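Asks: If you scroll down you'll find the structure; I have some questions about it.
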Amino acid sequence: MRAQANLTRRLAADLERIGVSATGFTMLVLLTSAGGRLELRTMRRRLGASKATATEVLDTLENRGFVTRSRLESDRRAVAVALTQAGHNLVTHAFPSHAERVREAFGVLDEDEKRQLADLCRKLDRAA
């Protein structure tokens with residue numbers, strides 16, 4: 001738990017210097033990989049985020065101009081989240097250096113240890 005907290009804190013601090021939280025950055029990357037638009041329910045499910053957390057993070061991202069929200073035509077109760085050009089630019093600019101910091105953080109592990117860690121994390125996730 002301590003290792004996870006330290007790693008998360010270090011990576012989050014780097015992201016916060018560019019104006020986005022770790023959760024916010026993850027949302028922006030998810031939107032980017034999905035082609036720039038997703039239904040909020042789908043985002044929440046993929047991230048494992050509560051409704052309250054997703055709303056709070058999206059409020060911040062929207063206020064900073066990184067995303068927009070709109071009601072779906074097919075279901076007025078559902079909300080779609082779309083990446084703005086500013087959000088796309090942030091991900092394009094920040095992702096390479098963020099990915100490098102993640103690689104450096106896990107660089108102390110050899111390939112077998114990385115696979116074992118990934119397997120253990122998936123197992124814990126399924127059990128949760």
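Asks: Over all directions, how big on average is the projection of the convex hull of the alpha-carbon atoms in the chain, in square nanometres?
Replies: Directional mean of the projected Cα hull area for the chain stands at 8.9 nm².
Asks: What number do you get for segment 54-125 when its Cα radius of gyration is normalised by 2.2 N^0.38 Å, N = residues?
Replies: Cα-based Rg divided by the globular estimate yields 1.60.
Asks: Place a label point 7 angstrom from the Cα of SER74 along the Cα-to-Cβ direction, then list the residues of segment 17-46 whose backbone nitrogen is under 14 Å away.
Replies: Under cut-off, by backbone N: 38-42.
Asks: Classify segment 1-61: rounded, prolate or oblate, from the alpha-carbon gyration tensor (a ≥ b ≥ c, eigenvalue square roots; a/c under 1.5 rounded; otherwise prolate if a/b is larger than b/c)?
Replies: prolate
Asks: Please report the relative contact order for the chain, taking Cα pairs under 8 Å with a sequence separation of at least 6, and give it as a percent rounded to a whole number.
Replies: That works out to 23 percent.
Asks: To the nearest 20 debye, what charge dipole does the chain have about its Cα centre, counting +1 at the Cβ of each Lys and Arg and -1 at the Cβ of each Asp and Glu?
Replies: 480 debye
Asks: Counting only protein heavy atoms, what percent of the accessible surface of the chain is carbon or sulfur at a 1.4 Å probe?
Replies: The nonpolar share, carbon plus sulfur, comes to 53 percent.
Asks: With a probe of 1.4 Å, find how much accessible area the chain has per residue, and write the answer as a whole number in Å².
Replies: 68 Å²
The values are calculated or read from the model by the stated rules, or taken from the named source; none is laboratory data. Just so you know, these numbers come straight off a predicted model, no measurement behind them. Note: ideal-geometry Cβ built from the backbone for every residue, glycine included; neighbour counts use all protein chains shown. The protein model used for the area step is the full one, side chains on, heavy atoms only, and it has no ligands, DNA or RNA in it. Shrake-Rupley method; radii C 1.70, N 1.55, O 1.52, S 1.80 Å.
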